[in-house]
Structure formats: C-alpha cells, structure tokens
Amino acid sequence: DYLTGSLKALGLRVYDSDTSFVLFEGPSGLDEKLLDKGILIRECSDYEGLGEGFYRIAVRNENDNKELIERIGENIV
C-alpha cells in the first residue's frame with residue numbers, strides 16, 4: 001500500500017497487483033537515472049502489450065521502499 005500510494009501521490013499511474021511487484025508508468029529513461037544512483041528497476045517495454053515508460057519494482061523493506069520513492073520523486077520533475 002505504501003508503494004502504490006506513494007507512486008500515485010507523485011502523479012504516476014499505478015496498476016493493481018496482488019504480487020510482490022508493482023507495475024507503474026513513468027517518464028522514459030527513469031530506469032537509467034535510477035541505475036546511476038545504484039537503484040535497479042525493471043523497464044518493461046519488451047513485455048507484450050506494454051511500451052516505453054512502463055516499470056516494475058519489487059516490494060522491499062520499509063527503508064528500501066522509502067529510498068526508492070524519494071529517488072523516483074527526484075527524477076520525475
């Protein structure tokens with residue numbers, strides 16, 4: 001709930017999930033910007049039916065999730 005709510009609060013489109021992964025739409029190149037900061041997210045443009053700007057993140061512990069949201073927020077402006 002924290003991840004999906006935080007991503008939505010950043011203005012991103014988030015898709016419902018019953019797994020330990022969250023799929024969302026963000027700006028193109030977000031994965032590369034985060035990788036430069038040591039954070040790996042899955043770019044999903046090669047998934048059937050998805051295109052550029054779709055990403056998958058794993059649900060982690062509280063500290064990791066907070067850092068991820070903070071870094072995403074810094075890179076979507």
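The values are calculated or read from the model by the stated rules, or taken from the named source; none is laboratory data. This is a predicted model, so every value here is computed, not measured. Side chains are part of the model used for accessible areas, which takes the heavy atoms of the whole protein and leaves out ligands, DNA and RNA. Shrake-Rupley method; radii C 1.70, N 1.55, O 1.52, S 1.80 Å.
How much of the accessible area of the chain, probe 1.4 Å, is carbon plus sulfur, in whole percent?
On the way: 2230 of 5020 Å².
After summing per-atom areas, the C and S share lands at 44 percent.
Within the set [x] 21, 62, 17, 0; [y] 19, 60, 21, 0; [z] 18, 50, 27, 4, 0, the number that P(r) over Cα pairs in 10 Å bins from 0, in percent takes when calculated for this structure is listed as [y].
Taking each DSSP H run with n ≥ 4 as -39500 (n - 2.57) and averaging over every residue of the chain yields -10000 deg cm²/dmol at 222 nm. Partner aspartates and glutamates whose Cα lies under 20 Å from the Cα of LYS33, excluding those fewer than 8 positions away in the same chain, are identified as GLU25, GLU43, ASP46, GLU52, ASP64, GLU67, GLU70, GLU74.
Around the amide H of VAL59, modelled in the peptide plane, lie the amide H atoms of PHE21, VAL22, all under 5 Å away and 5 or more residues distant in sequence or on another chain.
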